[in-house]
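One structure is given below, encoded as C-alpha cells.
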Amino acid sequence: RIDFLKMDVEGAEYFALPALVNLPAAQRPRQIAVEIHPFRSEGWISRSQATLRATIELMLTMHKMGYRLISREDNRFAPCCSELTYI
C-alpha cells in the first residue's frame, strides 16, 4: 500500500487522479499531494471555463473517494499552479 503519493504531472492530474476510483479504497494512497495547473501563468485567471470545470470535478471526485483537502499551497514563483494535499 502506498502511504504518500506526490504528483507533479503538468496537467495530467485531471486524468491520473480520477483513475483511482477503479481501485478498492483499501488500495488507494492514504495521502496525496498533487500540483494542479488550472490557471494562466500571468495569474489567477482561469485558462478556460472547461479547465475550471475540470478542476472542480477533480476536487469533487477526490471528495467522493473519501479524500479531504487539508492544505493548499500556491506557488509563489509560478502563479499558474497550486499544490493540494489530501488525506
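Residues with beta-carbon under 11 Å from that of Gly66, excluding Gly66: net charge, scoring Lys, Arg +1 and Asp, Glu -1?
Once all neighbours under 11 Å are counted, the net charge is +4.
In 10 Å bins starting at zero, report the fraction of Cα pairs in the chain per bin as a rounded %.
All Cα pairs considered, the percentages come to 17, 52, 25, 5, 0.
Are there any trypsin sites (Lys or Arg not before Pro) in the stretch 48-87 that are in a DSSP loop and have at most 13 other Cβ atoms within 10 Å? List them by number.
Values: sites: Arg53, Lys64, Arg68, Arg72, Arg76; in loops: Arg68, Arg76.
Here the trypsin sites (Lys or Arg not before Pro) that fit, given the DSSP loop and packing criteria, are Arg68, Arg76.
Could you calculate the contour length gain from Asp8 to Ile56, that is, 0.36 nm times the residue separation minus the distance between their Cα atoms, to one decimal place in nm?
That works out to 15.5 nm of additional length.
Considering only protein heavy atoms, what per residue accessible area in square angstrom results for the chain with a 1.4 angstrom probe?
Working: 5550 Å² over 87 residues.
That works out to 64 Å² for each residue.
Once every DSSP H run of n ≥ 4 in the chain is given -39500 (n - 2.57) and the sum is divided by its residues, what mean residue ellipticity at 222 nm do you get, rounded to the nearest 500 deg cm²/dmol?
-6500 deg cm²/dmol
Helix 49-64 against the longest principal axis of the chain: what's the angle in degrees, Cα atoms only, rounded to the nearest 10?
Relative to the chain, helix 49-64 is tipped by roughly 20 degrees.
The values are calculated or read from the model by the stated rules, or taken from the named source; none is laboratory data. As the structure is a computational prediction, the values presented were derived from the model and not from experiment. Positions of Cβ are generated from backbone atoms using ideal geometry, with glycine treated the same way; all protein chains shown enter the neighbour counts. We work out accessible area using only protein heavy atoms, side chains counted, and drop any ligands, DNA or RNA first. Shrake-Rupley method; radii C 1.70, N 1.55, O 1.52, S 1.80 Å.
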